[in-house]
Amino acid sequence: MENYFREWIALSELPGMGPGVLLRLAAQNGFEPVALLGLGAPQLEALSLPAQTIRHIHAFQAGQWPDNDYLETVLHWLQSPSNHLISFTSDLYPSLLKQISDPPLLLYISGDPDLLHMPQLAIVGSRSASRSGVSLSRSFASDLTRAGITITSGLARGVDGAAHMAAVALSKPTVAVLGSGLLNIYPRQHQRLADDIVRQGGALVSEYPLRMAPLPHNFPRRNRIISGLSAGVLVVEAARRSGSLITARLALEQGREVFALPGALNNPQSHGCHDLIREGATLIETSAQIVEPLASLLGSYCHDEKRAMPESIKLTDVEARLLEQIGYELVTLEQLIGITGLDAAELLPQLVAMELSGYIENTPDGYQRLI
């Protein structure tokens, strides 16, 4: 078994060629991927491999690579029953991920590897999401989790974290795909969330070595796994230059469903979603509109379109009327004074109370209704 892991670790870290190229090369020449590591010099030359790739294969054959200390670290990590290392040819490898053009050769998993075979929907969005974006992410993730869909995301701040937290709050599993090694959780403040995900029957997934740092170029690569594991992707909030748009466009290339939430025209975090909708993503207003296209994966599902107001928080009649006047577009204090006929001294205490209750959000550009 030790030699098996050594072979696949070497293959996954082989420089000069990505996993997609390597898998196509193996298929075209009729050998298993790991067989590449045993080929002689004439055969390697005949495949026209890059010089650095050949050097590393020779180093593997001489027992000089990969690093033995790292192999020991992996074997020690695998002693925990919750940790798994799954190769591309393993029966445990998720079939949906195999279908993408460059699937990872090796998956490090903490948690339940069987979860990767369950129907999944990716929820992604801005790290610097507005309170409205975080609230929507949490709400959609809760609804979809109750519907039997496993939520997959990237453990990042903002929309991703909110989606994972919603599943954890329901004591349901969720999948987090990292852009760092599993012994180097990023962001640091989500270490407890990562622990909770594993404890609740979820899974942490990475293709990177266990202690790999969260390098910037890791995250665009990570995004293909998020979309590749999922039947569809929901983009909650995204600016025009956003990693979430990379995930969505990868999903389109992979033949997955792409959904996007529209937002206020003056919210820069909505512009990326609007671009996706123009490019063909499905505009979404309710979680039922996501479940319906994915129904073949889920079987029958009855969804209540009505969203109940929080029972623990009651608005006064004056606050209820004010909430209707605020609406879902941004409105400034000056505009509210004009709409309601109240002065600032009368309005501000009501607005503060409604914000604390989670009904509205006070942004630098004005007030916006959340519920």
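A search for C-beta distances below 6 Å between a residue of region 254-277 that is closer than 23 Å to Arg224 by Cβ and any residue that is of a type in the set (Val, Ile, Thr) and in a loop (DSSP other than H, G, I, E, B), counting only pairs 6+ apart in sequence or on different chains, returns Gln254/Ile100; Phe259/Ile284; Leu261/Val236; Leu261/Ile284. With respect to the conditions (1) part of a loop (DSSP other than H, G, I, E, B); (2) among the small types (Gly, Ala, Ser); (3) crowded, with 19+ Cβ neighbours inside 10 Å, Ala213 falls short on a single one, namely (3). Figure legend. Inter-residue proximity from region 212-224: first residues farther than 20 Å from Ile9 by Cβ, second residues of a type in the set (A, V, I, L, M, F, W, C) and open to solvent by 40 Å² or more (accessible area, probe 1.4 Å), beta-carbon distance below 6 Å, spacing 6+ or different chains. Indicated pairs: Pro220/Ile246; Asn223/Ile246. The residue of region 1-19 that is surrounded by the fewest Cβ atoms within 10 Å (Cβ to Cβ), among those that are at pLDDT 95 or above and of a type in the set (A, V, I, L, M), is Ala10.
Kindly indicate the residue of region 151-174 that is in a helix (DSSP H, G or I) and hydrophobic (A, V, I, L, M, F, W, C) and also surrounded by the fewest Cβ atoms within 10 Å (Cβ to Cβ) among those meeting that condition. Filtering first and then ranking leaves Ala169. For Gly148, the criteria (1) farther than 20 Å from Ile86 by Cβ; (2) assigned to a helix (DSSP H, G or I) hold in every case but one, which is (2). Condition check for Ala169 on (1) touching a Leu at 6+ places or on another chain (Cβ under 8 Å); (2) at pLDDT 95 or above: one failure, at (1).
If you go through region 116-144 and pick out every residue that is open to solvent by 10 Å² or more (accessible area, probe 1.4 Å) and not in a loop (DSSP other than H, G, I, E, B), you end up with 10. Do we have Asp91 as under 22 Å from Ser206 (Cβ atoms), open to solvent by less than 80 Å² (accessible area, probe 1.4 Å) and charged (D, E, K, R) here? So Asp91 does not fit the description; no.
Among the residues of region 226-245, is any open to solvent by 30 Å² or more (accessible area, probe 1.4 Å), acidic (Asp, Glu) and part of a loop (DSSP other than H, G, I, E, B)? Checked region 226-245: no residue is open to solvent by 30 Å² or more (accessible area, probe 1.4 Å), acidic (Asp, Glu) and part of a loop (DSSP other than H, G, I, E, B).
Just to be sure, is Ser180 polar (S, T, N, Q) and open to solvent by 10 Å² or more (accessible area, probe 1.4 Å)?
On the way: polar (S, T, N, Q): yes; open to solvent by 10 Å² or more (accessible area, probe 1.4 Å): no.
The answer is no for Ser180.
For region 319-354, taking the residues that are free of Cβ contacts under 8 Å to residues at least 24 places away in the same chain and of a type in the set (Gly, Ala, Ser), the one that is nearest to Leu265 (Cα to Cα) is identified as Gly338.
Among the residues of region 48-84, the ones that are open to solvent by less than 50 Å² (accessible area, probe 1.4 Å), under 20 Å from Gly111 (Cα atoms) and either among the small types (Gly, Ala, Ser) or assigned to a helix (DSSP H, G or I) (or both) come to 6 in all.
Counting only residues that are among the small types (Gly, Ala, Ser) and free of Cβ contacts under 8 Å to residues at least 12 places away in the same chain, region 1-40 holds 5 of them.
Scan region 183-203 for residues that are under 28 Å from Cys273 (Cα atoms), open to solvent by 10 Å² or more (accessible area, probe 1.4 Å) and not in a helix (DSSP H, G or I) and report the count. Total meeting the criteria: 1.
The values are calculated or read from the model by the stated rules, or taken from the named source; none is laboratory data. None of the values given here were measured: they were computed from a predicted structure. Neighbour counts are summed over all protein chains in view; Cβ atoms, including those assigned to glycine, are modelled from backbone coordinates with ideal geometry. Surface areas here come from the heavy atoms of the whole protein model, side chains and all, with no ligands, DNA or RNA. Shrake-Rupley method; radii C 1.70, N 1.55, O 1.52, S 1.80 Å.
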